[in-house]
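Written below as structure tokens is the structure these notes are about.
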Amino acid sequence: MFAFFNPVDLRFGENAISGVDFSLFGKKAFIVTGKGGSAKKNNAINDLVGSLNSKGISYEFFSEIEENPPFDLIDKGAGIFKSKECDFVIGVGGGSPMDAAKAISAAARMNKKVADLYEIKDQISTYPVVEITTTSGTGSEVTQYAVLTSYDGRKLGLRTKKLFPTLAIVDPKYTLTMPADVTITTGLDALSQLVESILSKINTPITDAMAVKGLELIKQSLHSVVREPSNITHRSNVALAATLSGITISQTGTTIVHALGYPLTSHIGIRHGLANMMTICQIVKNAAKFEPQRVKMATEVFGGTQGLCDFIDAIYPRPKLKLSDKDAEEFAREIDLKSGQVLNTPGIYDFEFVKEIYKSL
Ligand code: NAP
């Protein structure tokens, strides 16, 4: 028996925004974007504002979101949402503004600090959330997760069915402005999520089919899109792979690969998708001892585990981190060995195993 639940209304393709009637969500929108201004440069804001104006919908901008959005910004955004009496949230950007949009909507609706939502996550309500993605990686536009940074600097995932966005817009043309480093980082995040969803102990035949398709698209187009950043066919393939990766992890969750990456991001600033790449090969090799058929499915398109690792190395030569024993221990202590991410992963993972992985990086 397996279940599949993903209630997001997805619009994928060039000019996908044109068919959306934003008046269904209310009279005033709260638009959440990153602080770097990329949502304007890639024209997503121009298209969005045109659509809102055509329906007489007013809007407020909140353009302060940083990568790995901190709790403080969510609380601030929720406060402004309420004071401006908005009706719904539109997140425009990569995973950071999209996750922030979900969390702001919940914090505003519940009239609570975001930190308090973790305690009551299955009881929360939200305002409608529309996500317009401008990176090809996280799949956040179709997931029920918001990954945020706590007041004390830890990355914490908020997961509840209540956080599924109402509508997701994926238009590959918004990704054309991504510089090579963002294209690579985010594309590798999608790769990681697709592999992890196949490895996950709660895989399903539906997620397997989607993940294999996603991996084929990554194999076909990720290296090519770095070489030819203006090629809309390759951009579109990687965008579809990323959205598929979001749909798959919305069912299967991620694995210890993601859990191990969080301290690398919060303590030494390695971007999310690259942080996953630091450990994925070791975890896949370990998982093969327990679930060889799963690993075969996850790596077949690359010609096996070594082929997957070579594919990654060819696009992202992993740096040697040379963590001290003290750092390795500290990072290992942050991994909750009873979390779904760890329990989802084929293999046995204890403190010593995790510490040794960090020491090896
Ligand atoms: P991001 O943190 O949203 O953005 C990274 C950088 O890329 C920012 O400087 C951003 O600029 C820029 N950027 C975004 N779109 C661009 C475009 N089209 N052209 C040029 N630059 C662009 O990156 P991300 O990798 O998409 O998201 C990472 C976050 O998502 C992490 O916090 C991760 O934990 C989370 N995540 C969430 C899920 C989920 O299911 N919810 C899954 C995986 C990861 P701006 O400052 O202008 O935005």
Qualifying positions in the range 270-306 - open to solvent by 40 Å² or more (accessible area, probe 1.4 Å), of a type in the set (A, V, I, L, M, F, W, C) and not in a helix (DSSP H, G or I): Phe290
Single residue of the range 40-52 satisfying the filter (in contact with a strand residue (DSSP E or B) (Cβ under 9 Å, 6 or more places away or on another chain) and more than 10 Å from the ligand (Cβ to nearest atom)) that is farthest from Thr186 (Cα to Cα): Leu52
Name the single residue, out of those in the range 175-227 being outside any helix (DSSP H, G or I) and open to solvent by 50 Å² or more (accessible area, probe 1.4 Å), that is nearest to the ligand (Cβ to nearest atom). Thr177
Residue satisfying all of: in the range 235-264; open to solvent by less than 10 Å² (accessible area, probe 1.4 Å) and hydroxyl-bearing (Ser, Thr, Tyr); nearest to Gln306 (Cα to Cα) among these: Thr255
Looking only at the range 58-74, which residues are near the ligand (Cβ under 10 Å from one of its atoms), assigned to a strand (DSSP E or B) and either open to solvent by 70 Å² or more (accessible area, probe 1.4 Å) or in contact with a helix residue (DSSP H, G or I) (Cβ under 7 Å, 6 or more places away or on another chain) (or both)? Glu64, Ile65
So the check is Cβ under 7 Å with 6+ separation or different chains; which pairs have a first residue in the range 136-158 that's free of Cβ contacts under 8 Å to residues at least 40 places away in the same chain and within 29 Å of Leu222 (Cα to Cα) and a second one that's open to solvent by 10 Å² or more (accessible area, probe 1.4 Å) and near the ligand (Cβ under 6 Å from one of its atoms)? Gly157/Tyr145; Gly157/Val147
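The values are calculated or read from the model by the stated rules, or taken from the named source; none is laboratory data. Every value quoted in this text rests on a predicted model; they were computed, and no experiment measured them. Note that we place each Cβ from the backbone using ideal geometry, even for glycine, and neighbour counts take in every protein chain shown. In case anyone asks, the SASA skips ligands and DNA or RNA and just uses the protein heavy atoms, side chains included. Shrake-Rupley method; radii C 1.70, N 1.55, O 1.52, S 1.80 Å.
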